[in-house]
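Asks: I'd like to ask you about the structure that follows.
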Ligand SMILES: Cc1cc2nc3c(=O)[nH]c(=O)nc-3n(C[C@H](O)[C@H](O)[C@H](O)COP(=O)(O)O)c2cc1C
């Protein structure tokens with residue numbers, strides 16, 4: 001039976017979604033790298049892990065990675081540029097020290113993995129297999145492939161296909177491939193990821209960007225440039241989701257590939273916009289650092305918005321943008 005909204009005589013809309021077999025109470029996920037390993041937020045007042053559909057943990061590599069020189073974050077108009085450089089303690093440490101602590105929560109835990117060669121990605125996927133408390137893997141393919149001249153995996157369909165195929169061979173966990181916007185045609189990369197064995201796609205990662213201090217004439221980041229996130233990138237992300245959804249709905253008939261929209265989300269209306277463009281779920285990153293609105297508020301706003309639109313299920317809105325002719 002559906003619950004009723006307090007004080008209002010209408011049925012509470014169904015916000016539940018399923019991404020590659022991962023069942024979530026609502027479409028809100030926390031984006032990788034903006035939330036540490038999830039345990040830190042137990043100290044933050046007003047945040048409850050169980051309110052969000054899923055938490056994507058910080059990007060994790062095979063071995064401990066020290067990251068880039070400071071400063072690693074520069075504030076710019078409508079967003080931030082970061083160059084963290086994947087600082088993390090390595091997969092074994094994460095599996096041993098963080099995953100057991102996260103098992104107490106009802107939310108779903110997705111491990112975001114990164115590597116500098118196909119074999120490295122393969123080895124991490126192998127180590128995650130059968131770990132209790134990990135519900136899925138998100139693969140960050142925006143890393144340089146050291147064995148092939150340092151070109152990022154996400155920039156080349158062949159490299160994307162090969163790395164995803166290798167990871168797929170190692171794991172039965174739901175496999176989400178995270179796409180970069182820094183490409184000429186994101187659809188070609190989406191296609192390669194699906195052919196390699198992706199169960200779902202998440203997009204977008206940050207947009208390559210740079211900021212210069214005019215007094216010192218130096219870049220504002222220790223690594224000179226980094227990735228832009230926050231509201232500045234939302235319209236880019238909406239378009240990439242739209243393009244990818246159009247491709248999948250027209251050409252990928254035999255397999256259902258859900259999309260997770262990421263980029264500049266701050267409100268319920270932003271989430272509905274991503275869903276209309278073709279996303280089944282979303283991730284919130286940079287705005288979790290600002291906390292203008294709580295997740296609880298966003299969830300209640302989505303329910304109200306759906307009621308206004310006379311929709312009983314959030315799923316009914318996926319890809320329902322009405323295009324101008
Ligand atoms: C400080 C910071 C660290 C990030 N680290 C990662 C990471 O480790 N792996 C990854 O796939 N994406 C990482 N991202 C990208 C976010 O997950 C997300 O794709 C991007 O920020 C766009 O969403 P947003 O505008 O809501 O932040 C990071 C973003 C930020 C701001």
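Asks: Show me the ranking of peptides 56-64, 231-239 by mean Cβ neighbours inside 10 Å, starting with the highest.
Replies: Highest-to-lowest ranking by the protection proxy: 56-64, 231-239.
Asks: Give me the one-decimal nm value for the distance between modelled label points at residue 44 and residue 300, 7 Å along each residue's Cα-to-Cβ direction.
Replies: 1.9
Asks: According to the square roots a ≥ b ≥ c of the eigenvalues of the Cα gyration tensor, what is the shape class of region 84-160, taking rounded for a/c under 1.5, prolate for a/b larger than b/c otherwise, and oblate for the remainder?
Replies: Prolate is the answer for region 84-160, as a/c is 1.5 or above and a/b outweighs b/c.
Asks: What distance in nm separates the two pseudo spin-label positions at residue 76 and residue 215, each 7 Å out from Cα along the beta-carbon direction?
Replies: Taking the simple label geometry, residue 76 and residue 215 are separated by 2.1 nm.
Asks: Now a separate question. What distance in nm separates the two pseudo spin-label positions at residue 11 and residue 195, each 7 Å out from Cα along the beta-carbon direction?
Replies: Placing both labels 7 Å beyond Cα along the Cβ direction yields 4.3 nm.
Asks: If you don't mind, there's one more thing I want to ask. I'd like the FRET efficiency for residue 254 and residue 18, computed as 1/(1 + (r/R0)^6) with the beta carbon distance as r and R0 of 22 Å, rounded to 0.05.
Replies: Here the calculated transfer efficiency is 0.75.
Asks: Against the longest alpha carbon principal axis of the chain, how many degrees, from 0 to 90 and to the nearest 10, is the axis of helix 234-251 turned?
Replies: The helix 234-251 is inclined about 80 degrees to the chain.
Asks: Continuing with the same structure: Compute the long axis of helix 157-168 from its Cα atoms, compare it with the longest principal axis of the Cα atoms of the chain, and write down the angle in degrees, 0 to 90, nearest 10.
Replies: Tilt relative to the chain: about 80 degrees.
Asks: Taking the Cα atoms only, what angle lies between the long axis of helix 118-128 and the longest principal axis of the chain, rounded to 10 degrees?
Replies: 50
Asks: Once you order the gyration tensor axes a ≥ b ≥ c over the Cα atoms, which shape class does region 258-325 get: rounded for a/c under 1.5, otherwise prolate or oblate by comparing a/b with b/c?
Replies: oblate
Asks: Right, next: Is it possible to state the helix-based mean residue ellipticity at 222 nm for the chain, with each DSSP H run of 4+ residues giving -39500 (n - 2.57), the sum divided by total residues, to the nearest 500 deg cm²/dmol? What is it?
Replies: Theoretical 222 nm ellipticity from helices: -8000 deg cm²/dmol.
Asks: So how do 314-321, 240-247 stack up, highest first, on mean other-Cβ count within 10 Å?
Replies: 240-247, 314-321
Asks: Once a ≥ b ≥ c are taken as the square roots of the eigenvalues of the Cα gyration tensor of region 118-221, is the result rounded (a/c under 1.5), prolate (a/b larger than b/c) or oblate (a/b not larger than b/c)?
Replies: prolate
Asks: Give me the number: length gained by fully extending residue 324 to residue 148, i.e. 0.36 nm times residue separation minus the C-alpha to C-alpha distance, one decimal in nm.
Replies: Net length gain for the segment: 59.0 nm.
Asks: What percentages, rounded to whole numbers, describe P(r) for the chain computed over all alpha carbon pairs with 20 Å bin width beginning at zero?
Replies: 33, 60, 8, 0
Asks: Now for a separate question. Grab the Cα-Cα distance for residue 104 and residue 312, subtract it from 0.36 nm times how many residues apart they are, and report the gain in nm with one decimal.
Replies: Extending this stretch completely gives an extra 71.8 nm.
No value in this document is a laboratory result; all are computed from the given coordinates. This is a predicted model, so every value here is computed, not measured. Counting neighbours? That spans all protein chains shown, and the Cβs are built from the backbone with ideal geometry, glycine included.
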